[in-house]
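Enquirer: Let me begin by handing over the structure; questions about it come next.
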Amino acid sequence: MSDLTRSPWLRAALLIGAVGLAVYGLVSQWPQVHAALGRLDGWDVAGATVCAIAGLGCMMLAWRALLADLGSPLPLPAAIRVMFVGQLGKYVPGAVWAVAAQVELARDYAVPRRRSATASLVSMAVTLVVGLVAAGLTLPLVSGHAVRHYWWVLAITPLAAACLYPPVVKFGLDRVLRVLGRAPLEGSVGRGGMVRALGWTTLGWLCYGAHAWFLISVFARKGGGEVGGGNTFALSLGAYALAWAVGFLIIFFPGGIGPREVALIAVLAPVMPSGSALVVALASRVVMTVGDLAWAGAGLAIGRSSSGRRRASRPAEPAGRQPSPAPGPRA
């Protein structure tokens with residue numbers, strides 16, 4: 001199985017399948033998506049796209065900080081390739097494909113499987129917890145309806161914050177792995193690594209909130225609802241954070257497609273027309289998928305460039321001398 005997962009043909013097939021599923025998620029909703037984009041200003045869509053790409057980049061830097069703290073620092077180009085090409089696995093039905101792809105890609109850079117798996121799992125936990133905290137802190141300021149219907153977010157916010165303490169993170173993930181019949185995590189993330197990851201993740205969530213703000217503020221400016229003023233950003237951040245958490249936790253839907261949009265509409269509908277909330281949800285999906293594909297494209301370009309440099313750096317064989325046979329596959 002180890003040799004199979006390192007096959008370039010299998011990797012290419014899995015990549016094509018993941019990209020196809022990501023694109024299908026947009027094409028299957030294209031009539032609604034097209035209508036939604038038609039109601040938005042081009043500059044707002046562009047601003048949302050830039051913020052989404054920046055947010056994804058921050059999340060990658062958080063994961064890279066965790067991996068470095070565990071003992072496997074990666075150069076930035078390598079981190080981009082591993083994180084974002086592997087991240088396409090989230091569009092495949094199931095909950096493990098993104099992590100599995102990142103683990104295999106990280107092996108190209110001599111990162112042990114257990115170590116990269118640990119970094120990916122802790123990174124996802126940090127992203128989820130910071131998102132829940134963001135929703136718990138912002139939604140009460142802008143939407144009494146959201147507080148009444150999503151009170152459980154506020155209730156778990158203190159517990160979620162406590163779970164960011166590194167020994168608690170390791171204890172919780174080890175318990176989950178034990179239930180799944182897996183070995184415990186390799187080592188523990190230190191406080192310094194966790195602080196750096198929290199910083200990048202918080203900045204990433206602010207970028208995610210800004211991407212939602214660009215979309216929601218269109219309707220605030222046009223007088224399409226009850227949002228406006230300084231509360232718009234708080235609503236944008238809280239609504240998207242809650243919707244993302246719902247889509248993440250319902251693992252049966254690849255990439256959170258469906259549950260994330262339903263949750264976002266549910267939070268926005270009481271403060272803006274339901275049609276406008278639907279437009280925001282669909283446009284957000286388009287923008288985030290474009291961000292995923294853009295970063296993955298950069299990762300693939302980095303991979304091709306690295307392969308070309310490795311080939312160019314190989315010494316030429318002397319004339320008349322046959323190249324030595326390549327070593328056989330590792331056991």
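The values are calculated or read from the model by the stated rules, or taken from the named source; none is laboratory data. Just so you know, these numbers come straight off a predicted model, no measurement behind them. Here Cβ is always computed from backbone atoms with ideal geometry, including for glycine, and neighbour counts include all displayed protein chains. For accessibility, only protein heavy atoms count, side chains too; no ligands or nucleic acids. Shrake-Rupley method; radii C 1.70, N 1.55, O 1.52, S 1.80 Å.
Enquirer: Given the options GLY47, GLY57, name the one that is under 12 Å from the mean Cα position of the chain (by Cα) and touching a residue at least 12 places away in the same chain (Cβ under 8 Å).
Expert: Details: GLY47 fails: under 12 Å from the mean Cα position of the chain (by Cα).
Within the list GLY47, GLY57, the selection yields GLY57.
Enquirer: Quick one: in the stretch 297-308, of everything that is modelled with pLDDT under 90 and among the hydrophobic types (A, V, I, L, M, F, W, C), which residue is surrounded by the most Cβ atoms within 10 Å (Cβ to Cβ)?
Expert: Ranking the candidates gives ILE302 first.
Enquirer: I'd like to check which helices (runs of 4 or more DSSP H) are fully inside the stretch 135-207 and have at least 1 residues that are surrounded by fewer than 16 Cβ atoms within 10 Å (Cβ to Cβ), over 24 Å from the mean Cα position of the chain (by Cα) and modelled with pLDDT of 75 or more. So that I can check it myself, show each step before the final result.
Expert: Working: elements: 144-149, 151-162, 166-179.
Hits in the stretch 135-207: 151-162, 166-179.
Enquirer: Considering only the stretch 86-134, how many residues are open to solvent by less than 30 Å² (accessible area, probe 1.4 Å), farther than 20 Å from ALA243 by Cα and in contact with a Leu (Cβ under 6 Å, 6 or more places away or on another chain)?
Expert: Of the residues in that region, 4 qualify.
Enquirer: If PRO325 meets every condition in (1) surrounded by 18 or more Cβ atoms within 10 Å (Cβ to Cβ); (2) at pLDDT below 85 apart from one, which number is that one?
Expert: All conditions pass for PRO325, except number (1).
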